[in-house]
Amino acid sequence: MQENSLNAEEKRLAESDRHEKDWRLWGCYVAERAWGTVREDYSADGAAWDYFPFEHAHLRTFRWNEDGIAGICDRKQNLCFAVSLWNEKDAILKERFFGLNGNTGNHGEDVKEYYFYLDNTPTHSYMKFLYKYPQAAFPYQKIYDENAKRNKLQPEYELIDTGVFDEDKYFDVFIEYAKADADDICIKITAVNRSDETAPLRILPTVWFRNSWSWGGDKPKPSMKKYDWNLENLSGLHWKNEESDDYVLMCVGASEMLFCENETNYAKIYGGENKSQFTKDGINNYIVNNDKSAINIE
């Protein structure tokens, strides 16, 4: 096939195959769930579901992979981006999907969320994702309780059965990614209130490093800091990965830039001593609990 007869995506694929441009370096490689998986299990009896439950996920560092809503990352998953949300009703930020493990679901493991992969190209030059976020408090405990009452012969108790989507009281949150170049990604987040009533929604685009420095070896701990564009209504972040590549994230209309570290909150989970004042749940504590000491303002 001649080069001039190829469409834009076919040209990107050809450039990638010839190693001229690494169009596949960035893609939707972030898992829907990292908690409760075998790869994160260090229990003595192989009880992966119990060793790392959902309730630990916002407090505790993953070792081998990350999870998130509509998450993207580089090929080695050193750097991740995903969308977090808060409806001002939930006790924690909506940073990842909730579900039941094999011990709590009457039909085994089962995600209890509604999300849709709407579009994607082979090089991930364009990706589109939809998440349906209830405006009422997410009924975590009700889903646990109702499914625990049911046996294998009974149907599952689903999120829609709880009534949180009644009267269309939810947000459709669309996340789109478009690559201007192999290493230049444009991100658009659109939230649509499907209810007739106004409702609050906080949108937190989140970028973070997978923790690769806490497990021994000589891997350096990366850093991230604010980037000053000297332009009105434009904020930014600057960081270097472990290969010393420079990256910048530009944000239009961001009200605040919030920083914490991808470090386990040992004090809250185990009653131990934290390695950092600004633990993994720092932004959650700042937004949900108004704990101003939980984030690093620098």
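Structure above, values below:
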quantity	calculated
Some residue of segment 4-19 being over 30 Å from residue 199 (Cβ atoms), crowded, with 17+ Cβ neighbours inside 10 Å and in contact with a helix residue (DSSP H, G or I) (Cβ under 9 Å, 6 or more places away or on another chain)	no
Candidates 137, 148, 180, 199, filtered to the one that is among the small types (Gly, Ala, Ser), over 22 Å from the mean Cα position of the chain (by Cα) and within 19 Å of residue 98 (Cβ to Cβ)	148
Strands (runs of 3 or more DSSP E) contained in segment 71-155 and holding at least 3 residues in contact (Cβ under 8 Å) with a residue 12 or more places away in the chain and touching a Ser or Thr at 6+ places or on another chain (Cβ under 8 Å)	79-86
Search result, residues across segment 255-277 that are out of contact with any helix residue (DSSP H, G or I) (no Cβ under 7 Å at 6 or more places or on another chain), hydrophobic (A, V, I, L, M, F, W, C) and surrounded by 13 or more Cβ atoms within 10 Å (Cβ to Cβ)	257, 259
Hey, residue 117 surrounded by fewer than 21 Cβ atoms within 10 Å (Cβ to Cβ), at pLDDT 95 or above and among the hydroxyl-bearing types (Ser, Thr, Tyr) or not	yes
Scan of segment 12-39 for residues that are in contact with a strand residue (DSSP E or B) (Cβ under 9 Å, 6 or more places away or on another chain) and assigned to a helix (DSSP H, G or I), ordered by number	12
Output for segment 241-298, where each listed residue is more than 15 Å from residue 207 (Cα to Cα), modelled with pLDDT under 95 and under 18 Å from the mean Cα position of the chain (by Cα)	none
Residues of segment 278-293 classified as closer than 16 Å to residue 57 by Cβ, in contact with a helix residue (DSSP H, G or I) (Cβ under 9 Å, 6 or more places away or on another chain), of a type outside the set (S, T, N, Q) and not in a helix (DSSP H, G or I), total	1
Single residue of segment 76-106 satisfying the filter (exposed (fewer than 15 other Cβ atoms within 10 Å of the Cβ) and modelled with pLDDT under 95) that is nearest to residue 205 (Cα to Cα)	76
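Results for (1) buried (at least 16 other Cβ atoms within 10 Å of the Cβ); (2) of a type in the set (S, T, N, Q); (3) in contact (Cβ under 8 Å) with a residue 12 or more places away in the chain; (4) out of contact with any helix residue (DSSP H, G or I) (no Cβ under 7 Å at 6 or more places or on another chain), shown as yes or no for each residue.
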site	(1), (2), (3), (4)
176	yes, no, yes, yes
195	no, yes, yes, no
208	yes, no, yes, yes
213	yes, no, no, yes
219	no, no, yes, yes
227	yes, no, yes, yes
238	no, no, yes, yes
248	no, no, yes, yes
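The values are calculated or read from the model by the stated rules, or taken from the named source; none is laboratory data. From a predicted model like this one, the values you see are computed outputs, not experimental measurements. Quick reminder, even Gly has a Cβ in these numbers, built from the backbone with ideal geometry, and neighbours come from all protein chains shown.
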